[in-house]
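Taking it in order: structure first as structure tokens, then the write-up.
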Amino acid sequence: MTEDEKQKKAAYHQEYMKRPGKAEKARARNKEWRQNNRDSYRQHMALSDAKRRGHTPPAPFPTLSQLIAEQHNRCRICQREFGSGKGTQPNRDHDHVTGRVRAALCGRCNVGIGYLQDSPDLLLEAAAYLQEFH
């Protein structure tokens, strides 16, 4: 599609969405799609974010179900079995700069590395601190 065709299409779309009720229907339809296609939506948003920041786009996301199956229903860090209780539910951990998915983690481990700013250096310092008083 040429640049001129893109501009014409965008102008038509803007005029179309001004018609009564069209924008509300589109918002509702988009919201429903996002809720029913969470993995696809997250992948789309990560790709858009990576492009906006000038990063290399991430590889396609493995779904949370795929990660859980690959990890035999266990957290990648603590090896506890995933459950439905607080802190035991699986989370898809990802790199906040690139958007790349790393593994499935339990809520506790995911929050823990988040508080340590995804920094291996801070994690090692925390481990040394705990060893000192163990």
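Taken together, the values in this text are just the output of simple stated rules run on the coordinates, not laboratory data. Note that the structure is a prediction, hence the values are computed from the model and not measured. For neighbour counting, all protein chains shown are included, and Cβ atoms are generated from backbone atoms with ideal geometry for every residue, glycine included.
Comparing 71, 14, 117 in a Gaussian network model of the chain where C-alpha atoms under 10 Å apart are linked, the largest mean-square fluctuation is found at 14.
Only lysine pairs 8 or more places apart or on separate chains count here, and in the chain those with Cα atoms under 21 Å apart total 10. Using just the C-alpha positions of the chain as equal point scatterers, what log10 of I(q)/I(0) does the Debye formula give at each q in 0.09, 0.15 1/Å? Debye intensities relative to I(0), on a log10 scale: -0.45, -0.92. Restricted to Cα atoms, segment 33-88 shows a radius of gyration and a Dmax of 14.4, 39 angstrom. Dividing the summed -39500 (n - 2.57) terms of all DSSP H runs of n ≥ 4 by the residue count of the chain sets its mean residue ellipticity at 222 nm at -17500 deg cm²/dmol. Only Cα sites of segment 6-46 enter the Debye sum here, all with the same form factor; the resulting log10 I(q)/I(0) across q = 0.30 1/Å is -0.87, listed in q order. Report the calculated FRET efficiency for residue 10 and residue 66 (r = Cβ-Cβ distance, R0 = 30 Å), to the nearest 0.05. So, using R0 = 30 Å, E works out to roughly 0.25. Between 40, 65, 119, the residue with the greatest mean-square fluctuation in the GNM of the chain (Cα pairs under 10 Å linked by springs) is 119. Of all the options 11, 26, 104, the one that moves most in a Gaussian network model of the chain with Cα springs shorter than 10 angstrom is 11. Each label was represented as a point 7 Å from its Cα along the Cα-to-Cβ direction; for residue 17 and residue 115 these points are 4.1 nm apart. Computed from Cα atoms alone, the Kirkwood hydrodynamic radius reported for segment 59-132 is 13.0 Å. Basic side chains Lys and Arg get +1 at the Cβ, acidic Asp and Glu get -1 at the Cβ, and with that the dipole of the chain about its Cα centre reaches some 900 debye.
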